Ligand SMILES: *Cc1c(COP(=O)(O)O)cnc(C)c1O
């Protein structure tokens with residue numbers, strides 16, 4: 001038998017030119033933060049309409065240092081979604097502030113903007129919207145709420161590089177915008193991230209937060225006025241990012257074509273809930289996530305195992321995080337955010353990445369149908 005290769009739910013695409021460029025960095029004698037990081041910051045800034053961009057070594061660092069830049073700390077509240085990677089709330093805890101969850105809206109699976117204003121208190125300092133699967137939160141409504149209440153917005157755009165809202169690319173407008181370049185994201189540096197800022201003054205302050213609080217003085221010495229983290233990116237990573245940036249628009253187009261094929265081939269009688277049509281319009285198809293039929297959701301583990309037996313990787317992004325022990329210890333429990341809990345219990349991430357073949361989509365669709373038939 002000719003064994004079909006395992007199809008993971010995602011895989012980075014790194015071309016030979018990028019691999020050669022990484023080799024060049026390694027041979028150059030300068031492997032940490034240097035000219036490649038500078039080039040990537042400029043290229044990203046250019047993409048985002050000239051806004052300042054600063055690289056860091058993870059999306060998590062971009063979010064945490066953005067909170068510190070805003071002076072958010074103990075006694076402050078930050079409103080966010082429970083349906084995200086746990087980093088989104090962990091960074092709020094890291095600065096000593098309180099994450100305040102608001103349930104998601106069923107169609108977009110993003111923060112329910114109808115409920116956000118009810119959660120605002122005199123202690124609220126910021127909103128952290130998350131563009132789940134690369135489908136942007138409604139930026140007009142979000143920014144209007146923030147303006148009305150004098151709040152900062154720290155966009156967790158970890159998943160939405162290349163996505164658009166009302167024709168404008170995420171990152172090119174708004175307050176602070178954090179991207180992740182983790183291996184699974186649409187644009188990767190293996191590990192890494194960046195923050196898009198409002199002006200050069202903020203960018204200078206962010207540079208200090210990123211690297212030990214150091215200010216370089218013209219006479220070759222330095223000063224340190226305040227604490228800073230150790231979160232700078234390496235030129236090795238930036239070389240990967242420069243290679244990705246050349247290709248990311250083609251990657252997004254390929255993701256879109258694959259997602260359209262999924263939607264065209266999908267057997268609607270199986271009872272899954274498919275991603276919102278808005279994703280096709282604004283999103284970057286970071287992930288393709290149907291929700292399991294309610295009859296099968298309690299056996300999601302069996303579904304995943306059966307799909308693996310068909311040679312197909314399935315992920316879970318994400319269980320509602322307020323049900324994790326960490327947040328139960330902080331007083332949360334089942335029933336707090338029913339929409340997020342329902343989606344978190346039923347979601348499955350199916351393979352979607354630029355190097356996939358059309359035939360891979362068909363193979364996944366067939367395996368899903370066979371698995372559902374077996375589990376019924
Ligand atoms: C990946 C991700 C992060 C964290 O990014 P890292 O680069 O892994 O630190 C934060 N939020 C969301 C929504 C993510 O998907």
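The values are calculated or read from the model by the stated rules, or taken from the named source; none is laboratory data. Since we're looking at a predicted model, the values are computed, not measured. Every residue, glycine as well, gets a Cβ built from its backbone with ideal geometry; the counts of neighbours run over all protein chains shown.
Of all residues in region 210-228, those that are at negative phi and touching a strand residue (DSSP E or B) at 6+ places or on another chain (Cβ under 9 Å) total 11.
Of all residues in region 317-344, count the ones that are outside any helix (DSSP H, G or I) and touching a helix residue (DSSP H, G or I) at 6+ places or on another chain (Cβ under 7 Å).
First, the residues of region 317-344 that are outside any helix (DSSP H, G or I): 317-320, 324, 329-337.
Restricting the remaining residues to those that are touching a helix residue (DSSP H, G or I) at 6+ places or on another chain (Cβ under 7 Å) gives 318-320, 332, 334, 336-337.
Of the residues in region 317-344, 7 are outside any helix (DSSP H, G or I) and touching a helix residue (DSSP H, G or I) at 6+ places or on another chain (Cβ under 7 Å).
For region 218-229, the criterion of being within 16 Å of the ligand (Cβ to nearest atom), surrounded by fewer than 19 Cβ atoms within 10 Å (Cβ to Cβ) and touching a residue at least 40 places away in the same chain (Cβ under 8 Å) is met by at least one residue.
Got at least one residue in region 166-174 being at pLDDT below 95 and away from the ligand (no atom under 15 Å from the Cβ)? Spell out how you get there, then give the answer.
Residues of region 166-174 at pLDDT below 95: 166-167.
Still in the running and away from the ligand (no atom under 15 Å from the Cβ): 166-167.
Scanning region 166-174 turns up at least one residue that is at pLDDT below 95 and away from the ligand (no atom under 15 Å from the Cβ).
The selection criterion, being touching a helix residue (DSSP H, G or I) at 6+ places or on another chain (Cβ under 6 Å), closer than 25 Å to residue 201 by Cα and at pLDDT 95 or above, holds for residue 180. For region 119-138, a residue qualifies if it is part of a helix (DSSP H, G or I) and buried (at least 21 other Cβ atoms within 10 Å of the Cβ), and the qualifying residues are 132, 133, 134.
Is one or more of the residues making up region 114-121 within 13 Å of the ligand (Cβ to nearest atom), in the same structural domain as residue 186 (by TED's automatic domain parsing) and in contact with a helix residue (DSSP H, G or I) (Cβ under 6 Å, 6 or more places away or on another chain)? Working first, answer last.
Taking region 114-121 as the starting set, the residues that turn out to be within 13 Å of the ligand (Cβ to nearest atom) are none.
No: region 114-121 contains no residue that is within 13 Å of the ligand (Cβ to nearest atom), in the same structural domain as residue 186 (by TED's automatic domain parsing) and in contact with a helix residue (DSSP H, G or I) (Cβ under 6 Å, 6 or more places away or on another chain).
Working only within region 265-294, note down all residues that are assigned to a helix (DSSP H, G or I) and modelled with pLDDT under 95. Even if it seems obvious, please write down each step before you answer.
Going through region 265-294, the residues assigned to a helix (DSSP H, G or I) turn out to be 265, 268-270, 277-282.
Across region 265-294, the qualifying residues are 277, 278, 279, 280, 281, 282.
The set of residues in region 293-326 being surrounded by fewer than 19 Cβ atoms within 10 Å (Cβ to Cβ), more than 19 Å from residue 273 (Cβ to Cβ) and touching a strand residue (DSSP E or B) at 6+ places or on another chain (Cβ under 7 Å) consists of 311, 313.
List the helices (runs of 4 or more DSSP H) that sit entirely inside region 1-111 and contain at least 3 residues that are within 17 Å of the chain's Cα centre (by Cα), modelled with pLDDT of 95 or more and within 16 Å of the ligand (Cβ to nearest atom). Write out each step before concluding.
Working: elements: 16-28, 35-47, 59-69, 87-94.
By residue number, 59-69, 87-94.
Answer yes or no as to whether residue 211 is assigned by TED's automatic domain parsing to the domain that holds residue 32, more than 16 Å from the ligand (Cβ to nearest atom) and closer than 18 Å to residue 54 by Cβ.
Working: assigned by TED's automatic domain parsing to the domain that holds residue 32: yes; more than 16 Å from the ligand (Cβ to nearest atom): yes; closer than 18 Å to residue 54 by Cβ: yes.
Against the criterion (assigned by TED's automatic domain parsing to the domain that holds residue 32, more than 16 Å from the ligand (Cβ to nearest atom) and closer than 18 Å to residue 54 by Cβ), residue 211 qualifies.
Would you confirm whether or not region 141-162 contains a residue that is more than 16 Å from the ligand (Cβ to nearest atom), in contact with a helix residue (DSSP H, G or I) (Cβ under 6 Å, 6 or more places away or on another chain) and part of a loop (DSSP other than H, G, I, E, B)?
In the first step, residues of region 141-162 are kept if they are more than 16 Å from the ligand (Cβ to nearest atom); the result is 141, 143-152.
Filter once more, keeping what is in contact with a helix residue (DSSP H, G or I) (Cβ under 6 Å, 6 or more places away or on another chain): 141, 145.
Checking the rest, the ones that are also part of a loop (DSSP other than H, G, I, E, B) come to none.
No, there is no match, as no residue in region 141-162 is more than 16 Å from the ligand (Cβ to nearest atom), in contact with a helix residue (DSSP H, G or I) (Cβ under 6 Å, 6 or more places away or on another chain) and part of a loop (DSSP other than H, G, I, E, B).
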